[in-house]
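Single-structure report; data block below.
The values are calculated or read from the model by the stated rules, or taken from the named source; none is laboratory data. Keep in mind the model is a prediction, meaning the values are calculated, not measured. So basically every Cβ, Gly included, is an ideal-geometry build from the backbone, and we count neighbours across all protein chains shown. Areas reflect the complete protein model, heavy atoms only, side chains present, ligands, DNA and RNA absent. Shrake-Rupley method; radii C 1.70, N 1.55, O 1.52, S 1.80 Å.
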Amino acid sequence: MSDKIRVLVRFRPEIFECFEMRSDYEGTKAGTVANRLLKDEIEKVRKTILINGALNAKIVGQKAATIAEM
């Protein structure tokens, strides 16, 4: 069984243009650059929310902005 999840994300044209420029530099596709960025960001969120597989008690009752600073 695959652990891949397919998610459709739309970026503002200015952001996608940055992905295209980076992909031209790397010789890859813009989607590859976007996927790598999203994967890195999702992992950062996962590390903030979960500690040793359990909910991080420090985030309970906190505002999203506070959690984002963690």
Those residues of region 23-70 which are under 24 Å from residue 10 (Cβ atoms) and charged (D, E, K, R) amount to 24, 26, 29, 36, 39, 40, 41, 43, 44, 46
Pairs returned, first residue in region 1-30 that is without any contact (Cβ under 8 Å) to a residue 12 or more places away in the chain and within 20 Å of residue 43 (Cβ to Cβ), second residue that is assigned to a helix (DSSP H, G or I) and not basic (Lys, Arg), beta-carbon separation under 6 angstrom, 6 or more apart or interchain, are 22/33
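Of all the helices (runs of 4 or more DSSP H) wholly in the chain, which have at least 2 residues that are open to solvent by 100 Å² or more (accessible area, probe 1.4 Å)?
Values: elements: 13-26, 30-49, 64-69.
Answer list for the chain: 13-26, 30-49.
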